[in-house]
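Structure first, then comments.
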Amino acid sequence: MKLLHNAPAITKAIVLAAMMSACQNEKDAIVSPDHSLEQVTDSNAKTAVKYLIKDGGTKLTYSGVRNQLVKELDGFGYLKEYTYSGNQIICDLKKNGVTINKNFITYTLNAKGQCVQSVHTATDKVIAGTYIYVYNELNQLTLVYHKTLPKLRQVLEYEQDGDNSLQGKSLSKITFYDQYDEKEKEIIFKHANGKFVVQSNANGNVYETALESNPLNPVGIAEANSKYLPIFGKFSRYVLRQTIHKNFTGQIIYPYPVFNYSLTAKTLGEEISTYDFITKDDFGQVVSKVERKYSTTPQVVMVGL
C-alpha cells in the first residue's frame, strides 16, 4: 500500500528517513510491544537488552519498568511524545516545545503488542484516516491499507533466510499502490542473511556485523509512522544491506536508484555500544554516515548524547 501522498524524491526518502517520537503514562500501560528495541538473541539467552538511544541527530528517551519509548526528538526540533493507555499508543507532535498536533497518530495494539490499526492526521505525506495492518503466521506485517480507501495500500513480501531457519523470513519487497489501484513504486530489500565481514583496526574491536536483533522499521512504514516503535512485527534478523527503488509514477529515475548499507561497530561496551550506519550509492560514493548508540541502561545515559 501507499500511506504516503505525494511521496518525496526517492533519494531524500531513503537518506532522511523520519521524524517521530514519544510520550507515555506508564501507569496506564497494559499492552506493550512484544520486543524491546534492540535485544541480543543469544541461543543461551540471558543477554542484556540494548536500546537505541541515538540515531544521528535523533535522540530517543525511554521510561518505566518496561523501558518503553516515550520521546523521539529529531535534529530539526520536532518531538513526538507517546502516551501508553490500555491497548493504545497516542502520539502528540511538538515543534520547539510547542504542541502543533495533539493526537497526531493513535495506534491500537493486539494482545501480542502488534499494531492492528492506526488513525492518522492529514499531512503533506499521509492521507488522513484509519489504516489496517495484517500479519502472516510468522507475525510479520504483510499488508497495510486505508480503511475507507482500501486500494490505497502497501503489500509486503518476504523470502526465506539463507540458513533456512524456522525463525523466519526477511522482508524482500514493498509495493505501494495509490487510492486508484495504480502501482506507484516498489522498494526491494536485501539483507545480510548471516554473512559476516571482519574489519580490523589498532584496537581490534571494530567490525562490520550481519546480525541485528531488532532492525529499525523499513522506509515506507517509517515515513508514515516511526523508524523506532517496535509494534509492526519483525522484518528481518539481519542488517539491511541494500535497497533498490523503482518508481512507476511521476519523474521516473532510470537506472533505478540503488543504496548499499553497512553497520560497523566503533566501540563495544557493557553499557554503551556505538555503530556507524553507512549508506553508499551504487557507485560506492558515501551518501550518509549516521552514528547509532545503544545502551543497556537507556534511562541513565540520556544526558549529553
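When peptides 148-156, 179-187, 250-258 are sorted by average Cβ neighbour count within 10 Å, with the highest value leading, the order is 148-156, 179-187, 250-258.
Computing FRET efficiency as 1/(1 + (r/R0)^6) for Asn101 and Glu270, where r is the C-beta to C-beta distance and R0 is 35 Å, gives about 0.35. Cβ crowding within 10 Å, taken as a proxy for footprinting-reagent exposure, orders Ile100, Ile132, Ile89 from fewest neighbours to most as Ile100, Ile132, Ile89.
On full extension, the segment bounded by Leu149 and Lys112 gains 10.7 nm, given 0.36 nm per residue less the C-alpha separation. Listed from fewest to most Cβ neighbours within 10 Å, the set Phe235, Phe283 follows the order Phe283, Phe235.
Between the amide H of Val287 and those of Thr279, Lys280, Asp281, distances stay under 5 Å, these residues lying 5 or more places away or on another chain, with hydrogens modeled in the peptide plane.
When the pairs Lys50/Lys234; Lys147/Lys293; Lys59/Lys125; Lys112/Lys280; Lys71/Lys246; Lys54/Lys95 are compared against a 27 Å limit on Cα-Cα distance, Lys147/Lys293; Lys112/Lys280; Lys71/Lys246 fall above it. Counting neighbouring beta carbons within 10 Å and listing from fewest to most, the residues Val126, Val119 come out as Val119, Val126.
Stretching the chain fully between Thr130 and Glu182 yields a gain of 16.7 nm (0.36 nm per residue, less the alpha carbon separation). DSSP loop GluC sites (Glu not before Pro) in the stretch 93-172 with at most 13 other Cβ atoms within 10 Å of their Cβ, which ones? The qualifying sites are Glu137. What FRET efficiency comes out for Ile253 versus Gln299 if R0 is 51 angstrom and r is the Cβ-Cβ distance? Round to the nearest 0.05. Calculated transfer efficiency: 0.70.
Read the figures in this text as sums done on the coordinates, not as results from a lab. This is a predicted model, so every value here is computed, not measured. When we count neighbours, we look across all protein chains shown, and the Cβ atoms used for this are built from the backbone with ideal geometry, even at glycine.
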